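In what follows, a structure is listed as structure tokens, so that the remarks can point back to it.
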Amino acid sequence: MNSYRTDENPAGGHESITVATTSIGFTATTITVAQAGGWRKRATRAFCTVETAQISVTFDGTTPSSTVGHVADAGDTFTIVGEQNVENFRAIRTTATSGNIRVTFYFNR
């Protein structure tokens, strides 16, 4: 597993996503946290672990496919940095087997 300095930003949420034949992103309510006064804080990083099967991912909102995006295999980890990149993340499976991503979100203090 890649190392990550957790003192930079505290973990503030997590989710598990099944990656199937339709492009999927993170759940909107997991990448934002309600603050006092009606403000919302957005995730600045997402640490992801790919499980089960190979997937293809994009970070700019483009719909990934087996030929578009970055391929991540089961067992791979990657970190998405930046609010916009976290919000624009998309994933899709590249084989006949659905993949799974476990994600921890980090927020500015």
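The values are calculated or read from the model by the stated rules, or taken from the named source; none is laboratory data. Computed from a predicted model, the values in this text were never measured in an experiment. Glycine gets a Cβ as well: all are built from the backbone with ideal geometry, and neighbour counts include every protein chain shown.
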Mind checking whether some residue in the stretch 92-100 is touching a strand residue (DSSP E or B) at 6+ places or on another chain (Cβ under 6 Å), crowded, with 16+ Cβ neighbours inside 10 Å, among the hydroxyl-bearing types (Ser, Thr, Tyr) and more than 18 Å from Gly13 (Cβ to Cβ)? yes
Among what's in the stretch 10-44 and is in contact with a Ser or Thr (Cβ under 6 Å, 6 or more places away or on another chain) and basic (Lys, Arg), pick the residue that is surrounded by the fewest Cβ atoms within 10 Å (Cβ to Cβ). Arg40
Can you tell me which residue among Val57, Val103, Val81 is touching an Asp or Glu at 6+ places or on another chain (Cβ under 7 Å), touching a residue at least 24 places away in the same chain (Cβ under 8 Å) and β-branched (Val, Ile, Thr)? Val103
Could you please find all residues in the stretch 6-27 being modelled with pLDDT under 90 and either of a type in the set (Asp, Glu) or assigned to a loop (DSSP other than H, G, I, E, B) (or both)? Thr6, Asp7, Glu8, Asn9, Pro10
Would you check if there is a residue in the stretch 28-48 being at pLDDT 95 or above, of a type in the set (S, T, N, Q) and out of contact with any helix residue (DSSP H, G or I) (no Cβ under 6 Å at 6 or more places or on another chain)? no
Selection from the stretch 64-98 of residues among the hydroxyl-bearing types (Ser, Thr, Tyr) and more than 14 Å from the chain's Cα centre (by Cα) yields Ser65, Ser66, Thr67, Thr94, Thr95, Thr97, Ser98
Sole miss for Ala91 among (1) among the aliphatic types (A, V, I, L, M); (2) outside any strand (DSSP E or B); (3) under 15 Å from Thr21 (Cβ atoms) is condition (2)
